[in-house]
Amino acid sequence: MDTQELQQVALFEKCRQFTKAREIQAAGLYPYFKPISESEDTVVVIDGHKKIMLGSNNYLGLTHHPKVLESASRALHRYGSGCTGSRFLNGTLDLHEQLENALSEFLGKEACLVFSTGYSANLGLISGLVGRGETVYLDKLDHASIVDGAKLSYGETERFNHGDLGNLERRFERKGSNVNGSLIVVDGVYSMEGNIADVPGLVRVARKYGAALALDDAHALGVLGTNGDGTAAHFGMTEEVDIIAGTFSKSLASIGGFVAASESVIHYLKHHSRPLIFTASLPPANTAGVLAALKVLQDETERRDHLWANTRRLQEGFRSLGFDIGPTQTPIVPVLIGPLEKTFLMWRRLFDAGVFTNPVAPPAVPASQCRLRTSLMATHTFEQVDFALEQFARIGRDLGVI
């Protein structure tokens, strides 16, 4: 065996030794990569059986809205299936610029830049903006895309305890005058807990230490704010928040992402953001679909009312049954189970009973705090919410969770 073959054996050894997922598959409790063969908005079909979808981020229920589908279809036939190039070169459509203008106006920012995914938006924002000698400050529960964006940058990273602004300030103080530039990046709504960032407190810290503040509004857009315009608007602090980033894969019913900020920041990112420059641009159908979804979000405000009515019903139902749903303040409602095995078992029992949830396990949460993450849509009916609560109650009692 030559040297190259030896290196290949060493590289793949960890793959051969990774058996945990296969063990869970063999036990019939593996909850991931379940292929959906059909979707009817709040109901999906898996293995020929209908399940109430209680794990989607389709908060406003727009993935099947006629205007969204019609707009995407028209763009598909006008522009084709893809742009076959990056935004920097041949991949910018007039649709991209229309969407950027619409988003910047909606979010109260001077300019906006559309990326191919929400993940790449955070990568492009942080790695493009934070350079050598500069520091990015992250909440320890920030989304993986924020953490990875910090890793990709040439700056230093400081992580503070979740929601602990005192801990954040102490990290600034330790840096003293050694920092040339600073960026604080947090989730507006935390995706596994459902709680909302303390934007007023974060703005105070940012201003005190001369830092910029960026919010990832992936789970807030369409949900928080008087007009569904996100976390900063929820607190009436749009002007005080420097940068708003987000994704189109939740309330806007598609895929893609954005960064909204001052014109000078967006202009700089256009010429320094590698995930933008070296990635093919958002396909025409998706772009047009997002434009239509953004219009529906603003026109059909009753959808947000329905979403919050469903959220209150589910949260109150869980609490009255004795489930621990933590500090959630949003349509993200995690149900704390505890041990991994019991979490997967409860997931399986609910799945078989016709309720689709998302199990959350390490490393996303500590081993003792595994949970089932549920999330509401505006289009869920009260009957569907009540059915889910009935199944949670029955199975939760059987397994000793409540």
(request) Check whether at least one residue in segment 337-344 is more than 30 Å from Glu105 (Cβ to Cβ) and part of a strand (DSSP E or B), and report yes or no. (result) yes
(request) Might you let me know whether segment 296-313 holds any residue that is within 20 Å of the chain's Cα centre (by Cα), open to solvent by less than 60 Å² (accessible area, probe 1.4 Å), under 19 Å from Gly118 (Cβ atoms) and in contact (Cβ under 8 Å) with a residue 60 or more places away in the chain? (result) yes
(message) Checking the structure you have, find out if any residue of segment 53-65 is over 30 Å from Ile243 (Cβ atoms) and either touching a helix residue (DSSP H, G or I) at 6+ places or on another chain (Cβ under 7 Å) or among the hydrophobic types (A, V, I, L, M, F, W, C) (or both).
(response) yes
(request) Considering only residues that are in contact with a Lys or Arg (Cβ under 8 Å, 6 or more places away or on another chain) and touching a residue at least 24 places away in the same chain (Cβ under 8 Å), look in segment 131-141 and name the one that is nearest to Glu193 (Cα to Cα). (result) Asp139
(request) Quick one: which residue in Gly194, Gly133, Gly166 is surrounded by fewer than 23 Cβ atoms within 10 Å (Cβ to Cβ), of a type in the set (Gly, Ala, Ser), out of contact with any Leu (no Cβ under 6 Å at 6 or more places or on another chain) and not in a helix (DSSP H, G or I)? (result) Gly133
(request) Return the total of residues in segment 336-388 being of a type in the set (Gly, Ala, Ser) and within 14 Å of Leu54 (Cβ to Cβ). (result) 5
(request) Could you run through segment 148-163 and say how many residues are touching a residue at least 12 places away in the same chain (Cβ under 8 Å), open to solvent by 40 Å² or more (accessible area, probe 1.4 Å) and not hydrophobic (A, V, I, L, M, F, W, C)? (result) 8
(request) May I ask you to say which residue of Thr238, Thr247, Thr226 is under 16 Å from Leu99 (Cβ atoms) and open to solvent by 10 Å² or more (accessible area, probe 1.4 Å)? (result) Thr247
(request) Kindly indicate whether any position in segment 317-334 is free of Cβ contacts under 8 Å to residues at least 12 places away in the same chain and among the hydroxyl-bearing types (Ser, Thr, Tyr). (result) yes
(message) For the condition touching a Pro at 6+ places or on another chain (Cβ under 9 Å), at pLDDT 95 or above and of a type outside the set (S, T, N, Q), what is the one hit in Cys83, Cys112?
(response) Cys83
(message) So, in segment 347-362, how many residues would count as being part of a loop (DSSP other than H, G, I, E, B) and either buried (at least 16 other Cβ atoms within 10 Å of the Cβ) or of a type in the set (Gly, Ala, Ser) (or both)?
(response) 4
(message) When the residues of segment 1-31 are narrowed to those that are at pLDDT below 90 and among the acidic types (Asp, Glu), which ends up surrounded by the fewest Cβ atoms within 10 Å (Cβ to Cβ)?
(response) Asp2
(request) Pull up segment 206-217, narrow it to residues that are part of a loop (DSSP other than H, G, I, E, B) and without any contact (Cβ under 8 Å) to a residue 60 or more places away in the chain, then point me to the one that is surrounded by the fewest Cβ atoms within 10 Å (Cβ to Cβ). (result) Gly210
(message) I'm trying to understand the selection: among the residues of segment 165-213, which are of a type in the set (Asp, Glu) and touching a helix residue (DSSP H, G or I) at 6+ places or on another chain (Cβ under 9 Å)?
(response) Glu169, Glu173, Asp187, Asp198
(request) Determine, yes or no, whether Asp324 is at pLDDT 95 or above, open to solvent by 20 Å² or more (accessible area, probe 1.4 Å) and not in a helix (DSSP H, G or I). (result) yes
(request) For segment 32-130, please list each of the helices (runs of 4 or more DSSP H) lying entirely inside it that holds at least 1 residues being under 17 Å from Leu294 (Cβ atoms), open to solvent by 60 Å² or more (accessible area, probe 1.4 Å) and touching a residue at least 24 places away in the same chain (Cβ under 8 Å). (result) 66-79, 94-107
(request) Sort out which residues of segment 363-392 are β-branched (Val, Ile, Thr) and part of a helix (DSSP H, G or I), and write them in order of number. (result) Val385
(request) Test Arg371 against the stated conditions and say whether it is among the charged types (D, E, K, R), buried (at least 16 other Cβ atoms within 10 Å of the Cβ) and at pLDDT 95 or above. (result) yes
(message) Against the conditions (1) out of contact with any helix residue (DSSP H, G or I) (no Cβ under 6 Å at 6 or more places or on another chain); (2) buried (at least 16 other Cβ atoms within 10 Å of the Cβ); (3) without any contact (Cβ under 8 Å) to a residue 60 or more places away in the chain, where does Ser264 fall short? Just the number, please.
(response) (2)
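The values are calculated or read from the model by the stated rules, or taken from the named source; none is laboratory data. Not measured: the values here are computed from a predicted model. Cβ atoms come from the backbone with ideal geometry, glycine included; neighbour counts cover every protein chain shown. When the accessible area is computed, the model is the full protein with side chains, heavy atoms only, and any ligands, DNA or RNA have been set aside. Shrake-Rupley method; radii C 1.70, N 1.55, O 1.52, S 1.80 Å.
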